[in-house]
Amino acid sequence: MMSEVIVVTSGKGGVGKTTTTANLGTGLAAAGHKAVLVDADIGLRNLDVVLGLENRIVYDITNVTDKQIPYRKAIIKDKRYENLFLLPAAQTKDKTAVSPDQMKELCDDLRQEFEYVIIDCPAGIEQGFKNAIAGADRAIVVTTPEVSAVRDADRIIGLLEANELRDPKLIVNRLRYNMVKAGDMMSIDDILDILAVELLGVVPEDEMVVITTNRGETVVQDDKSRSGQAYRNIVRRMNGEQVPLMDLQEGGILKKLRKFMGMK
Amino acid sequence: MENSYKNQDRHSNGVEETAGDENTILIKRTLRSGQRLHYDGNVVVMGDVNPGAEIMASGNIIVMGQLRGVVHAGAGGNEKAIVMSFRLAPTQLRIANHITRPPDGDTQETDRPEIASIKNGVVTIELFNVSIDRQHR
Ligand SMILES: Nc1ncnc2c1ncn2[C@@H]1O[C@H](COP(=O)(O)OP(=O)(O)OP(=O)(O)O)[C@@H](O)[C@H]1O
Ligand SMILES: [Mg+2]
């Protein structure tokens, strides 16, 4: 089976890693793929809440990495999708409770069973980040259109490259098209000009993200919302389809960066 | 994880060298935020130097891309050192003991190669062309 371990990371906190992980996982499951979401944000467990699965947690990732139980005992099946699973983080421990080697081993076990293993990375560049990327084949970097978030994304891309995780894909989250048009927010071009990586998708700022999250649902299931459409497009792109960016966010978005510069 | 190149141990044989005659390192990638390169010699980057990245070189620094980070050429005190970039927009630019930065609110961006050097004791930015280049030889 072809399987992929993907880490969702950002550097800066609060830009939408957990939201992205939940939506991509749900979207992939809805498209028929068997996926497991791993919450690597140990001590600040979130993914279970976003998916509305908190009350089902018995074991967590550290019970698995400490070899107290097999992973099958710890993973929780999603409420709606038969083929979507969550491996929750521990809430009462800290990032040092897991090591990069343990993570690698865990990812290699999971890839035997799942088509997609998606890891929700904690913010920062410390131990939690190192753990989260240890077993990954690829990385998705999430940023918002803010100078500080883009700067941190750049730092993260550098660290990923140094760890042999090349060609990460970028998701720009919380874009406000009107602000970009008024020149008050970085445009996609501005962001790509600095980061020079492949754009996987653009998710607009959308209150439906907050509304669905508060219900323990994911916006990707909501047919009417623009952010849901954006996530569905990203899922299709992950499966190799060519899907153009949504109309409202365009404006030379697909302009490729200067290939001749010897960049990756 | 810190991506900094250390000086390769190739010391000059006690001979005073001018900028341009030293070792040169070629970096075929973009230097990203948090990455630092210190080198005893000239540095050529085939890529960008992003904001938050830093290059310090005893010789010249040439960036064949966008330069938006911090650079220090002539770090040992060589006032003849230059910085050149296809798009020169550094956070801070230092040559020898001179420290400069773009004026606040300066959004002027050229799409042409520029060269920074010390002229009459001040760091001067000029469009790069061959005739100017000759003056630096
Ligand atoms: N496109 C969006 N539109 C509106 N709100 C959003 C959007 N994306 C995320 N949010 C909101 O932003 C907040 C932070 O999102 P999230 O928890 O996914 O970020 P994170 O990167 O995982 O944070 P942390 O670094 O703390 O783990 C949440 O309240 C979420 O609902
Ligand atoms: Mg999170």
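The values are calculated or read from the model by the stated rules, or taken from the named source; none is laboratory data. Every value quoted in this text rests on a predicted model; they were computed, and no experiment measured them. When we count neighbours, we look across all protein chains shown, and the Cβ atoms used for this are built from the backbone with ideal geometry, even at glycine. Each accessible area value is taken on the protein alone, full model and side chains, heavy atoms only, with ligands, DNA and RNA left out. Shrake-Rupley method; radii C 1.70, N 1.55, O 1.52, S 1.80 Å.
A few notes on this one:
- Residue list for region B:25-36, restricted to those being surrounded by fewer than 22 Cβ atoms within 10 Å (Cβ to Cβ) and part of a strand (DSSP E or B): B:25, B:26, B:27, B:36
- Scanning region A:107-126 for residues that are touching a Phe, Trp or Tyr at 6+ places or on another chain (Cβ under 7 Å) and open to solvent by 10 Å² or more (accessible area, probe 1.4 Å) gives a single hit, A:109.
- Checking each residue in region A:143-162 for being more than 8 Å from chain B (Cβ to nearest Cβ) and surrounded by fewer than 17 Cβ atoms within 10 Å (Cβ to Cβ) picks out A:146, A:147, A:148.
- Residue among A:73, A:12, A:77 that alone is closer than 22 Å to residue A:234 by Cα, at pLDDT 95 or above and not hydroxyl-bearing (Ser, Thr, Tyr): A:12
Residue-by-condition table, conditions (1) closer than 23 Å to residue B:29 by Cα; (2) crowded, with 20+ Cβ neighbours inside 10 Å; (3) touching a residue at least 24 places away in the same chain (Cβ under 8 Å); (4) among the aromatic types (Phe, Trp, Tyr):
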residue: A:164; (1), (2), (3), (4): yes, no, no, no
residue: A:177; (1), (2), (3), (4): no, no, yes, yes
residue: A:180; (1), (2), (3), (4): no, no, yes, no
residue: A:215; (1), (2), (3), (4): no, no, yes, no
residue: A:221; (1), (2), (3), (4): no, no, yes, no
residue: A:235; (1), (2), (3), (4): no, yes, yes, no
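- Considering (1) open to solvent by 60 Å² or more (accessible area, probe 1.4 Å); (2) at pLDDT 95 or above, the lone condition that residue A:93 does not fulfil carries the number (2).
- Scanning region B:90-118 for residues that are open to solvent by less than 30 Å² (accessible area, probe 1.4 Å) and either under 15 Å from residue B:47 (Cα atoms) or touching a Cys at 6+ places or on another chain (Cβ under 6 Å) (or both) yields one hit, B:90.
- Residue count for region A:94-127, restricted to those that are on the phi < 0 side of the Ramachandran plot and either within 14 Å of another protein chain (Cβ to nearest Cβ) or within 13 Å of ligand 1 (Cβ to nearest atom) (or both): 11
- Residue ID - nearest to the other protein chains (Cβ to nearest Cβ), chosen from residues in region B:45-64 that are under 8 Å from the mean Cα position of the chain (by Cα) and open to solvent by 10 Å² or more (accessible area, probe 1.4 Å): B:62
- Subset of region B:73-89 that is of a type in the set (Gly, Ala, Ser) and surrounded by 16 or more Cβ atoms within 10 Å (Cβ to Cβ) - its residue that is farthest from residue B:57 (Cα to Cα): B:89
- The number of residues in region A:198-236 being acidic (Asp, Glu) and within 18 Å of the chain's Cα centre (by Cα) comes to 4.
- Filter result (closer than 15 Å to residue A:17 by Cα, open to solvent by 10 Å² or more (accessible area, probe 1.4 Å) and either within 13 Å of chain B (Cβ to nearest Cβ) or β-branched (Val, Ile, Thr) (or both)) within region A:182-212: A:209, A:210
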